[in-house]
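Here is the structure we will look at.
Since every read-out is calculated from the coordinates, none of them should be taken as a lab result. Being a predicted model, the structure only gives us computed values, none of them experimental. Neighbour counts are summed over all protein chains in view; Cβ atoms, including those assigned to glycine, are modelled from backbone coordinates with ideal geometry.
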Amino acid sequence: MKMRKIAIVLAGLVAPLLLLGYPASTDAGNSILKRSSVSNSDGRIAAPDPRDTRIGGVTRTQASVEGVIRGRARDLERDLPVYQNEEVSTGINARAVLRFKDGSVLTIGADAEVVLDEFVYGNSGGVITLLKGALRFTSGKMGRPGLLIKIKTATIGIRGTDFWAGELKDGQGVMLMHGEVDVYNAAGMVTLREPYEGTVILSADEAPGEPTIWSDGEKQKALAAESFSRGPLCAMLQKVAKDMFRSCT
């Protein structure tokens, strides 16, 4: 009972901050005490050239996330914009969530590198390249037909969808959560249509493997690469009052 009363008091203190948009995580890059600043304390460039095309923004980060555009590096934090042709990289145990102007969302996993090559607004178009690690992409209301996600071994064509793509022990994999995607390279193509249906691509010279429904273990291992860890405050609140803090992070 005493612990529950403490949790209620903490809830009263934390709730206003959450309503103002502060994450309830105390991981690096997600301070509960202050918003992300446009300028960086180490003096690194925080804003690209005005000629660069803004395509969206950062909605969440965990630990070290960096953006590089036109050879200039900057720390990416919540509420900062992202630009076409920007390369986004995450450190070990880091994560980043980018939201584009059409409402589509790109979650970048730990120790990953992603290039926002091209993002065309309207009915179709765009290219995002995964150089390393894993990502999850969820299309917005427009569905993003024509958008291509390129990985080392294949290209992914989406049709209004939510899917994961990334490195596996052997080769790379693509797993569908919702919608439909084509996965193809010079050797062949498969289409994923069922929830949690996935394919493994061993190399760019081999066709994507026959689609199968991934096991719970395979799903959990894949999604763990881009899932955010709970901050210590969230973990404590959920321990003493789980029903009150189901969605904190």
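In a shell of Cβ-Cβ distance under 14 Å around GLY188, excluding GLY188 itself, what net charge do Lys and Arg (+1) and Asp and Glu (-1) give?
In short, -4.
In whole Å, largest first, what are the principal axis extents of the Cα atoms in segment 51-229?
For segment 51-229, the Cα extents along the three principal axes come out at 43, 35, 28 Å.
Could you state the number of Å between the C-alpha centres of segment 78-98 and segment 188-204?
Computed from Cα coordinates, the inter-centre distance equals 26 Å.
Under the 0.36 nm per residue contour assumption, what length would be gained going from the current alpha-carbon distance of ALA204 and LYS132 to full extension?
24.4 nm
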